[in-house]
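In what follows, a single structure is set out as structure tokens and then discussed.
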Amino acid sequence: MTSLSLFPLLYCLIVLQVCFSSQLEDNKIPPSLCTGHPGTPGSPGIHGSPGQPGRDGRDGRDAAPGEKGQKGDRGDTGETGVRGLTGDKGYPGEKGDRGQPGECAVAPKSAFSVKLSQSHTFPLNVGDAVLFDTIILNEQGDYNTETGRFTCKVPGVYYFAVHATVYRASLQFDLMKNGHAMASYFQFYGNWPKPASLSGGSLLHLIPGDQVWVQIAVSEYNGFYSSTKTDSTFTGFLVYSDWKNSAVFA
């Protein structure tokens, strides 16, 4: 091929180059000239580095209190644990101060024994108390020789005994408690030449203030007698007390 035949071809290439360069500079390539086939998808990009921590958000507003929930079911009882080991024995403590001497408890007492004197004048009326006027024993002062009556101070059970010498008369008397006959005794005179005896006794339960005495039951049966050789006596004493507390009695 000759150089003259290549000239038109070169001219066309130059014109195309000028056109393309001006359009590229102006970024105004016609779509009809630049439309091509889709390219092959590129390979995935490399993962970016972690971003910086974000700022703390603002505090939320306080909400209204919620309703109280229902009480839950009671849980099952747990198993008993293993017993722990016995601890070491402690050291003996210091000896305490000596206490004050205590009082010795004394059992309550009440006892008396009295008799008729030889010059005694016997009651003749029913209901009169026999006045045993000579004291044998009356440490607590519970028997009164002026009234012939025993007055209870310590509650409990008492035993009372009456021993009467009867001479030339019949005798009937009652053991009285607060105006009621608790026991009665009788001895009929049978024209014996010597004195006879009439004795009796009884257990009585008393409370403080109760009174006990011997009383003529029949006016004409009043043959109490006493002399230098024989006596008529009235005796009483506490068998056991009803006091529950262990108080101290003098």
Q.
Going by amide H atoms built from the backbone, whose H comes under 5 Å of the H on M182, apart from near neighbours?
A. L175, M176, K177
Q | Per-peptide average of other Cβ atoms within 10 Å, ordering 205-215, 135-145 highest first | A | 205-215, 135-145
Q | Packing-based ranking, highest mean first, of 167-177, 79-89 given that Cβ atoms within 10 Å are counted | A | 167-177, 79-89
Q. Excluding same-chain residues fewer than 8 positions from K115, which lysines have a Cα within less than 16 Å of its Cα?
A. K229
Q. Using the Karplus equation 6.51 cos²θ - 1.76 cosθ + 1.60 (θ = phi - 60°), what ³J(HN,Hα) coupling, rounded to whole Hz, does each residue of region 110-115 give in order, writing x for Gly and Pro?
A. 6, 7, 7, 8, 9, 9
Q: Using only the Cα atoms of region 71-212, each taken as one equal point scatterer with no solvent, compute I(q) by the Debye sum, divide by I(0), and report log10 of the ratio at q = 0.12 Å⁻¹.
A: -0.66
Q. Using θ = phi - 60° and the Karplus curve 6.51 cos²θ - 1.76 cosθ + 1.60, what whole-Hz ³J(HN,Hα) does each residue of region 194-210 get, with Gly and Pro shown as x?
A. 10, x, 10, 10, 9, 10, x, x, 7, 8, 10, 8, 10, 10, x, x, 5
(Q) Suppose we take every Cα in region 163-250 and form the convex hull; what volume per residue is that in Å³? (A) 117
(Q) Accessible area per residue for region 159-250 in Å², computed with a 1.4 Å probe and the full protein assembly in place, what is it? (A) 54
Q: Place the peptides 38-47, 149-158 in order of packing, highest mean first, counting for every residue the other Cβ atoms within 10 Å and averaging per peptide.
A: 149-158, 38-47
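The values are calculated or read from the model by the stated rules, or taken from the named source; none is laboratory data. The structure displayed is predicted, hence computed values, not measured ones. Using ideal geometry, Cβ is built from the backbone for each residue, glycine included, and neighbour counts are taken over all protein chains shown. Note: accessible area is taken over every heavy atom of the protein model, side chains too, but ligands, DNA and RNA are not part of it. Shrake-Rupley method; radii C 1.70, N 1.55, O 1.52, S 1.80 Å.
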